[in-house]
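All remarks here apply to the structure that follows.
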Amino acid sequence: MTSSSPTSLASNALFNTFFNWDLIARTFPRLFTEGLLNTLVIAAGAIVLGVAIALVAAMLLLSKRRLVRLPARIYVDVFRGLPVIITVMLVGVGLPAAGIRPFGTDPFGYAILAIGIISGAYTAEIFRSGIQSVDPGQLQAARSLGLSYLKAMRLVVVPQGIRRVLPAMAGQFVKDIKESSLVYLLGLAAGQRELYFIAQEEVARTYNSSPLIAAGICYLALTIPLTYFVNYLDRRLREGPHHGNTPALVEPDLPKTPLQPAGTARGEGL
């Protein structure tokens, strides 16, 4: 009977701790049926809320009045500077403890609100930079056509600015998906648990980290395609539309007239 070497034993223990395929296979069904859907709902809700907040905050940041800019600047600086985990706890635990319960005792709504507030702070800066990159002449031209300042911004400047920052916005959406894993701190109820919460429960039950690998695979399945889409979108916006299939312009046939000698007038004889 031969004994395995210490190195082999350590390698087997390490592999079994992180890549126990039987445990990963048992974890996947719950991740797909419950965790994946809840992660997408939290991320999508946070993205919609973040974009709505960011549009308002970006317009305030672009104001020429300091008192108008100040609240938006404080909001952006504070929630970009705080760790995500602190914001999640302040919103999900602090607000109900203070008697502010817009979602009652349901932690799912607070989870979306927390991630949405963080997303809005980052997206506001993205919108601001995109809008400021638009040529000021666009706003002046719109105003010269009789549009009010707000209407010119809404119809002319803002759409152009948002188009320029689409890759950065998509990158923020990837970040929102990953940050949704922190809402497990709010103690989501059965049926509301996202990917990380389910994996963490399995880890606590089995004392094995393989369920975290299963959850990681699910996150990668969401974020990697979106990341490649971001890169593709960025490349297309930088390169512009392709004109390979555009037919060449054909000059129209014009009547040919003989050139008149210089210095002669129409109708004059030689």
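Tabulated data for the structure shown
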{"read-out": "Protection proxy ranking, peptides 22-28, 228-234, average beta carbon neighbours within 10 Å, highest first", "value": "22-28, 228-234"}
{"read-out": "Per-pair calculated FRET efficiency, R0 = 41 Å: GLN160 and PHE18 via Cβ, rounded to 0.05", "value": "0.30"}
{"read-out": "Shape call, the stretch 12-96: gyration tensor on alpha carbons, a/c limit 1.5", "value": "prolate"}
{"read-out": "In degrees, nearest ten, helix 195-206 long axis to first principal axis of the chain (Cα)", "value": "20"}
{"read-out": "Segment ARG143-SER8, extension gain: residue separation times 0.36 nm, minus the distance between their alpha carbons", "value": "41.1 nm"}
{"read-out": "From the coordinates shown, mean projected area of the Cα convex hull in nm² corresponds to which of (1) 30.6; (2) 19.5; (3) 13.4", "value": "(1)"}
{"read-out": "Zone of THR206's modelled label, taken as backbone nitrogen in the stretch 27-50 under 20 Å from a point 7 Å along Cα→Cβ", "value": "27-37"}
{"read-out": "Nearest 10 degrees, 0 to 90: helix 36-61 Cα axis against the chain principal axis", "value": "50"}
{"read-out": "Carbon plus sulfur fraction of accessible area for the chain, probe 1.4 Å, in percent", "value": "64"}
{"read-out": "Helical mean residue ellipticity (222 nm; -39500 (n - 2.57) per DSSP H run of 4+; nearest 500) of the chain", "value": "-21000 deg cm²/dmol"}
{"read-out": "Computed label-point distance, nm, for sites VAL41 and GLN132 using a 7 Å Cα→Cβ extension", "value": "3.9"}
{"read-out": "Spacing of the two label points (7 Å from each Cα toward its C-beta) at TYR232 and ILE100, in nm", "value": "4.1"}
{"read-out": "With Cα atoms, 0 to 90° folded angle of helix 166-179 axis to the chain main axis", "value": "10"}
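The values are calculated or read from the model by the stated rules, or taken from the named source; none is laboratory data. This structure is a prediction, so every number in the text was calculated from the model and none was measured. Using ideal geometry, Cβ is built from the backbone for each residue, glycine included, and neighbour counts are taken over all protein chains shown. With ligands, DNA and RNA removed, areas are computed over all heavy atoms of the protein, side chains included. Shrake-Rupley method; radii C 1.70, N 1.55, O 1.52, S 1.80 Å.
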